[in-house]
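Here the structure is laid out as structure tokens; the discussion comes afterwards.
The values are calculated or read from the model by the stated rules, or taken from the named source; none is laboratory data. Computed from a predicted structure; not experimentally measured. Cβ: placed from backbone, ideal geometry, glycine included. Neighbour counts: every protein chain shown. Just the protein is used for accessible areas: all its heavy atoms, side chains included, with ligands, DNA and RNA removed. Shrake-Rupley method; radii C 1.70, N 1.55, O 1.52, S 1.80 Å.
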Amino acid sequence: MADPRDLPLGQKLRLIRRRGMWTHLLAIARLSETPRSLTEWDEAIGLQPNKMRSLKAIMAKLEKRLALSLLVPAPAADPDAAGNPRYVMPPRVRKKILELAGEE
């Protein structure tokens, strides 16, 4: 089998779609492209407080395994009130997730 890091974006996301993480990624992709801190993402997609921190840790493992960026720090965004960085989903990833969601 080929190294998952070498797969095209769509195939990488299809691998993730088989996991529970997919529903959260889809929820993020469906929202506006507004940069949000992890706490703000909790509220935006209806998660329990601090759940996004756990999801971000799981995302980091997938990102490393697949050489992929699912949420990246928003370079022009100010930190939230607590000083935490804000993140965005790269447009290319957002677009592909929404395309794949149409296949379901």
| task | Can you work out which of the residues in the stretch 76-93 that are out of contact with any strand residue (DSSP E or B) (no Cβ under 9 Å at 6 or more places or on another chain) and of a type in the set (Gly, Ala, Ser) is most open to solvent (accessible area, probe 1.4 Å)? | result | 81
| remark: Checking 62, 70, 100 in turn, the sole residue that is open to solvent by less than 20 Å² (accessible area, probe 1.4 Å) and not in a helix (DSSP H, G or I) turns out to be 70
| said: Anything in the stretch 4-49 that is among the acidic types (Asp, Glu), surrounded by fewer than 18 Cβ atoms within 10 Å (Cβ to Cβ) and in a helix (DSSP H, G or I)? List them, or say none. | reply: 6, 40, 43
